[in-house]
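First the structure, in the form of structure tokens, and then the observations on it.
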Amino acid sequence: MTKVVCLVGSVYGNSTSVAEECAEFLRGQGHESEVFSSFDLAELRQDLEAVWLVCTSTTGQGELPDNIYPFYQSLKDEFPLMPDRKYGVIALGDSSYDSFADAGRMLDELLQELQAKRLGDVLFIDACETADPEGVALDWVKEWVKHLS
Ligand SMILES: Cc1cc2nc3c(=O)[nH]c(=O)nc-3n(C[C@H](O)[C@H](O)[C@H](O)COP(=O)(O)O)c2cc1C
């Protein structure tokens with residue numbers, strides 16, 4: 001059993017629904033999983049074992065949603081190397097923007113710089129391509145779960 005904390009960055013709620021879908025599936029597979037829309041780095045880091053599943057949209061012109069921005073900024077400022085941390089990324093966006101899914105990409109790059117280990121590939125969910133982001137995420141998490149112990 002693994003603990004997966006879903007860290008949501010969302011403006012309109014799509015990423016929250018996607019994270020909730022994933023968390024429900026993970027719980028059904030016997031893992032512990034909760035969705036957080038408000039969180040801070042210091043608190044999250046205390047749990048050494050938890051896998052972070054970052055699930056964020058992109059807003060503005062390639063910006064992070066307000067609720068996940070402080071987490072990103074703390075990671076940048078404090079720059080804590082986390083070689084033991086495992087994580088996944090679901091990046092929601094809209095490919096009609098040049099900055100397609102940049103928030104997810106930025107968080108993935110930063111976590112890589114911090115030496116955290118990504119499980120699986122980043123899932124990109126393009127609002128231009130699907131009206132069912134939860135369904136896309138469910139298909140992905142069914143494979144992603146195989147990385148958990
Ligand atoms: C005002 C606005 C700005 C957006 N900016 C971007 C962007 O820069 N890049 C991108 O990939 N998607 C962008 N999007 C698309 C959103 O990321 C996409 O609709 C996503 O599903 C929203 O998820 P959320 O409800 O969790 O915020 C934008 C959407 C809106 C309404």
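The values are calculated or read from the model by the stated rules, or taken from the named source; none is laboratory data. Since the structure is predicted, the reported quantities are computational estimates derived from the model, not experimental observations. All Cβ positions, even for glycine, are placed from backbone atoms using ideal geometry, and neighbour counts span all protein chains on display. Please note that ligands, DNA and RNA were not included when accessible areas were found on the heavy atoms of the full protein model with its side chains. Shrake-Rupley method; radii C 1.70, N 1.55, O 1.52, S 1.80 Å.
Observations on the structure shown:
- Candidate set: the range 72-100, residues that are in contact with a strand residue (DSSP E or B) (Cβ under 7 Å, 6 or more places away or on another chain) and hydrophobic (A, V, I, L, M, F, W, C); chosen: the one nearest to Asp126 (Cα to Cα): Leu92
- Taking the criterion of being touching a helix residue (DSSP H, G or I) at 6+ places or on another chain (Cβ under 7 Å) and touching a residue at least 40 places away in the same chain (Cβ under 8 Å), the residues of the range 23-42 that qualify are Phe25, Leu26, Gln29.
- Only listed residue being more than 11 Å from the ligand (Cβ to nearest atom), touching a Cys at 6+ places or on another chain (Cβ under 6 Å) and at pLDDT 95 or above, chosen from Val141, Val145, Val122: Val141
- Residue within the range 78-95 that is in a loop (DSSP other than H, G, I, E, B), open to solvent by less than 80 Å² (accessible area, probe 1.4 Å), over 23 Å from Glu32 (Cβ atoms) and within 10 Å of the ligand (Cβ to nearest atom) present: yes
- The range 1-57: number of residues that are of a type outside the set (D, E, K, R), assigned to a loop (DSSP other than H, G, I, E, B), farther than 21 Å from His147 by Cα and more than 16 Å from the ligand (Cβ to nearest atom): 0
- Hits in the range 106-127 (condition: open to solvent by 40 Å² or more (accessible area, probe 1.4 Å), closer than 19 Å to Gly13 by Cα and within 13 Å of the chain's Cα centre (by Cα)): Phe124
- With respect to the conditions (1) under 14 Å from the mean Cα position of the chain (by Cα); (2) over 22 Å from Lys3 (Cβ atoms); (3) within 14 Å of the ligand (Cβ to nearest atom); (4) in a helix (DSSP H, G or I), Val136 falls short on a single one, namely (1).
- Comparison of Asp132, Asp66 shows that the only residue that is within 22 Å of Ala42 (Cα to Cα) and modelled with pLDDT of 95 or more is Asp66.
- Neighbours by Cβ (under 9 Å, 6+ apart or cross-chain): first from the range 43-56, in contact (Cβ under 8 Å) with a residue 24 or more places away in the chain and farther than 10 Å from Lys3 by Cα; second in a loop (DSSP other than H, G, I, E, B) and within 16 Å of the ligand (Cβ to nearest atom): Val54/Ile68; Cys55/Ser10; Thr56/Ser10; Thr56/Leu64; Thr56/Pro65; Thr56/Ile68; Thr56/Ala101
- Total residues in the range 31-55, condition closer than 17 Å to Arg85 by Cβ and of a type in the set (Ser, Thr, Tyr): 1
- Apart from one condition, Ile68 fits all of (1) out of contact with any Asp or Glu (no Cβ under 7 Å at 6 or more places or on another chain); (2) open to solvent by 10 Å² or more (accessible area, probe 1.4 Å); the exception is (2).
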